[in-house]
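One structure is given here, and the rest of the page talks about it.
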Amino acid sequence: MTLTRQHFPEGFIFGTATSSYQIEGAVQEDGRGPSIWDTFCREPGRIRDGSNGDVACDHYHLWERDLDLLAELGVDAYRFSLAWPRIQPAGSGAVNEKGLDFYERLTDGLLERGIQPYATLYHWDLPQALQDVGGWANRDVAHRFNDYARIVTERLGDRVASIATLNEPWCSSFLSYDIGEHAPGLKNRKLALAAAHHLMLGHGLAMQTMRELNKKAALGIVLNLSPAYAASLAKEDQDARQFADGYSNRWFLDPIFKGGYPADMWDAFGADIPEVRDGDLKIISAKNDFLGVNYYTRSFVSADGQARPEGAEYTHMGWEVYPAGLTELLLRLQNEYHTPPIYITENGAAYPDERGTGSTVHDPQRVAYYQSHLAAVADAARQGVDVRGYFAWSMLDNFEWAWGYERRFGLFYVDYATQERVWKDSGRWYQALIGQAVTATR
Ligand code: FCB
């Protein structure tokens, strides 16, 4: 089937996404304070290629050129994140105007080009000063996040189309404090559960504050969700599936959309459960205007952790290509959680692209990945899910966290030696899809 715009609901938004630390560079410019990723990258063995985000895609300087490329790509919207340490270098107190000015220029630059700005307040670059007092494991950080949300919303809330509080709180808690793969690199489940609770509390507090400011932007949160499938019907595999679903999905979905933690997981976490104060869950479960869903793959679960699905195909991250999981996830969100309108805020794939000698980088596997996942979104919409937009991850190849520059996700190839951006076939394919005239038959 050839995918066309006609397969999507009216007004559906096509965009692409990036995040501050992954593309901006300029880590010491215009008063930016250090973030936990600056620190983490300097710890030996943390980043696969020993790199860091000091320069990344140099987007802090090349932003106008990048916005021109976005205009050429033809996207309706662009999702970016703001670096908290540019705006409050010490994580609290004084505002660094130069930092805020950068995002104001970016926002206005998008609007001038007819592209809707979709802002994310927190995509993992916590000011180091806040980590020094315990990071998200410290309840006070939720209140500092609330202050920061107010500062940004006061300035930009009438110009950006949408504000998401957090990107993927699962990554900023479990992956960072329990699994230890992301900054601050701890392996302590109790701290991870405290961090998860305070992230959600920070989200809820910020939602209240931003609502009261009554700006035009739609308000919500972005979760990474990975539907879990059991390798067999055996009880041990089914139990493992239930745990995986609780650990990656329900621990966040239930408090936010049902106002309580899942009982089975509460029991399973035993002595590690977080301190929940009266009123917290009411704050956390405040109404969202939208839910952002980041989907890359499913988890395939067995009790021994060894099972692999037969005949599966994998990306360069080692993630299974499984588009049907996205349709099923969207249906579940609507049916079980009665979610607000959904945006796919990230979806994409890494492949080992090579620049070659031509003017375009050939990435047929990524084209196929986008095609099948967009078709999965269209399928969910056809089955009645209120899904309103899709953001390809990512606009540019960039600093892929613990993988450094060794994983490329862009619609544009970045030649890091020269900072050239080179179109990939996937970029051209997306441009063609978005550029299709919308006829009256829809
Ligand atoms: C998501 C992150 C994003 C990027 C992609 C590949 O978890 O939000 O920054 O790293 O994965």
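The values are calculated or read from the model by the stated rules, or taken from the named source; none is laboratory data. Please read these numbers as outputs of a predicted model, since none were measured by experiment. As a convention, Cβ positions derive from the backbone with ideal geometry for all residues, glycine included, and neighbour counts pool all protein chains shown. SASA here: full protein model, heavy atoms, side chains in, ligands and nucleic acids out. Shrake-Rupley method; radii C 1.70, N 1.55, O 1.52, S 1.80 Å.
If the condition is being within 26 Å of T120 (Cα to Cα) and either of a type in the set (D, E) or exposed (fewer than 13 other Cβ atoms within 10 Å of the Cβ) (or both), then the stretch 337-361 contributes H338, E346. The number of residues in the stretch 274-294 that are closer than 11 Å to H197 by Cα and outside any loop (DSSP other than H, G, I, E, B) comes to 3.
With respect to (1) under 21 Å from I221 (Cα atoms); (2) touching a residue at least 24 places away in the same chain (Cβ under 8 Å); (3) of a type in the set (F, W, Y), the lone exception for Y261 is condition (2).
The set of residues from the stretch 208-244 being within 23 Å of W136 (Cα to Cα), over 18 Å from the mean Cα position of the chain (by Cα) and open to solvent by less than 40 Å² (accessible area, probe 1.4 Å) comprises T209, M210, A244. The set of residues from the stretch 317-361 being within 16 Å of the ligand (Cβ to nearest atom) and among the small types (G, A, S) comprises G318, G325, G348, A349, A350. As a summary of the residue check, Y369 satisfies the conditions (1) touching a residue at least 60 places away in the same chain (Cβ under 8 Å); (2) of a type in the set (S, T, Y); (3) closer than 19 Å to L73 by Cβ except for the one numbered (1).
Among the conditions (1) assigned to a loop (DSSP other than H, G, I, E, B); (2) open to solvent by 40 Å² or more (accessible area, probe 1.4 Å); (3) in contact (Cβ under 8 Å) with a residue 60 or more places away in the chain, A271 misses just one, which is (1). Consider the stretch 84-117 and keep the residues that are of a type in the set (A, V, I, L, M) and in contact with a Gly (Cβ under 7 Å, 6 or more places away or on another chain). The one that is most open to solvent (accessible area, probe 1.4 Å) is A90.
If you take the residues of the stretch 1-48 that are more than 16 Å from the ligand (Cβ to nearest atom) and not in a loop (DSSP other than H, G, I, E, B), which of them is surrounded by the fewest Cβ atoms within 10 Å (Cβ to Cβ)? If we take residues in the stretch 1-48 being more than 16 Å from the ligand (Cβ to nearest atom) and not in a loop (DSSP other than H, G, I, E, B), then Q6 is surrounded by the fewest Cβ atoms within 10 Å (Cβ to Cβ). Entry remark, the stretch 274-293: residues being within 23 Å of R388 (Cα to Cα) and either open to solvent by 30 Å² or more (accessible area, probe 1.4 Å) or without any contact (Cβ under 8 Å) to a residue 60 or more places away in the chain (or both) number 4 in total.
Looking at this structure, is L175 within 16 Å of the ligand (Cβ to nearest atom), aliphatic (A, V, I, L, M) and without any contact (Cβ under 8 Å) to a residue 12 or more places away in the chain? I'd like the intermediate steps shown before the answer.
Values: within 16 Å of the ligand (Cβ to nearest atom): yes; aliphatic (A, V, I, L, M): yes; without any contact (Cβ under 8 Å) to a residue 12 or more places away in the chain: yes.
Yes; evaluated as a whole, the condition is true for this residue.
Kindly indicate whether D147 is open to solvent by 10 Å² or more (accessible area, probe 1.4 Å), part of a helix (DSSP H, G or I) and out of contact with any strand residue (DSSP E or B) (no Cβ under 7 Å at 6 or more places or on another chain). So D147 fits the description; yes. Just one of the listed residues (W124, W170) is assigned to a helix (DSSP H, G or I), touching a strand residue (DSSP E or B) at 6+ places or on another chain (Cβ under 9 Å) and within 16 Å of the ligand (Cβ to nearest atom), namely W170. If you filter the stretch 362-402 down to residues that are among the charged types (D, E, K, R) and within 12 Å of the ligand (Cβ to nearest atom), you find that the one that is surrounded by the most Cβ atoms within 10 Å (Cβ to Cβ) is D397. With respect to the conditions (1) more than 21 Å from the chain's Cα centre (by Cα); (2) more than 20 Å from F102 (Cα to Cα); (3) part of a loop (DSSP other than H, G, I, E, B), N52 lacks only one, and its number is (1). Of the residues making up the stretch 331-343, at least one is in a helix (DSSP H, G or I) and under 18 Å from the mean Cα position of the chain (by Cα).
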